[in-house]
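Note sheet for the following structure.
The values are calculated or read from the model by the stated rules, or taken from the named source; none is laboratory data. This one's a predicted model, so the numbers in the text were calculated from it and none came from an experiment. Neighbour counts run over all protein chains shown; Cβ positions are idealised from the backbone, glycine included. Areas reflect the complete protein model, heavy atoms only, side chains present, ligands, DNA and RNA absent. Shrake-Rupley method; radii C 1.70, N 1.55, O 1.52, S 1.80 Å.
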Amino acid sequence: TLTNVPVGDYTLTAYESNTGFTYTATASVVENQSSAQNVTFPATGVVKKFWDGGGGNTSWHTPANWNNDTLPVSTDDVVIPAQITVTYSTGTTSINSLSNSGDMALSGGTLNIATTASANNLTISGGTANFKTTQPAQIQSLSISGGTLGGSGTVTVSGQLSWSGGEM
């Protein structure tokens, strides 16, 4: 909240240096009866959940590996940076979207992705990756030796595709 600002329209832009994301919120100040004008910028959009590796291992399931030391949930846009390998091995997790510049290995459990997905390297040796995406999922390299690649969304592989087992 900003205080003592003149009547008008305002835009707040914030840059998150460790993920490279820019967030923008807008608000308007209308004339009121007090001498101080206040503007509060609403928290809009989807929460960004990014890998920070604070847990010291490669497990998706270690809360300390994520910002705010909490696991991703269905409203999160998940971001995994380059040169990181993340292993998903158990349970069921639903997320809003996935932006994976590193490597992801799915060896068990079920990962549901709702809206958009991009991945550098995805390896499925067990479990299920459900792309229920509203836009085509973009994957650079996909290797499937077990498990299931499923969901109602379209998956586009722009590079290498290796399929030696499992289901699509």
| field | Sole exception among (1) modelled with pLDDT under 60; (2) part of a strand (DSSP E or B); (3) over 29 Å from Gln140 (Cβ atoms) for Leu12, by number | value | (1)
| said: If Leu122 meets every condition in (1) without any contact (Cβ under 8 Å) to a residue 24 or more places away in the chain; (2) open to solvent by 50 Å² or more (accessible area, probe 1.4 Å); (3) not hydroxyl-bearing (Ser, Thr, Tyr) apart from one, which number is that one? | reply: (2)
| query | closer than 20 Å to Ser145 by Cβ, open to solvent by 20 Å² or more (accessible area, probe 1.4 Å) and not β-branched (Val, Ile, Thr) - does that describe any residue in segment 85-95? | reply | yes
| note | Per the list (1) within 17 Å of the chain's Cα centre (by Cα); (2) at pLDDT 95 or above, residue check on Thr128 breaks on (1)
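Looking at segment 142-168, which of the residues that are of a type in the set (Ser, Thr, Tyr) and within 25 Å of Ser74 (Cα to Cα) is most open to solvent (accessible area, probe 1.4 Å)?
Looking only at segment 142-168, we keep the residues that are of a type in the set (Ser, Thr, Tyr), and these are 143, 145, 148, 152, 154, 156, 158, 162, 164.
With the extra rule that they be within 25 Å of Ser74 (Cα to Cα), the set shrinks to 148, 152, 154, 156.
Details: Thr148: 40, Ser152: 105, Thr154: 81, Thr156: 54 Å².
Residue satisfying both the conditions and the ranking: Ser152.
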| task | Just one of (1) open to solvent by 30 Å² or more (accessible area, probe 1.4 Å); (2) in contact with a strand residue (DSSP E or B) (Cβ under 6 Å, 6 or more places away or on another chain); (3) among the β-branched types (Val, Ile, Thr) trips up Val78, so point out which. | result | (1)
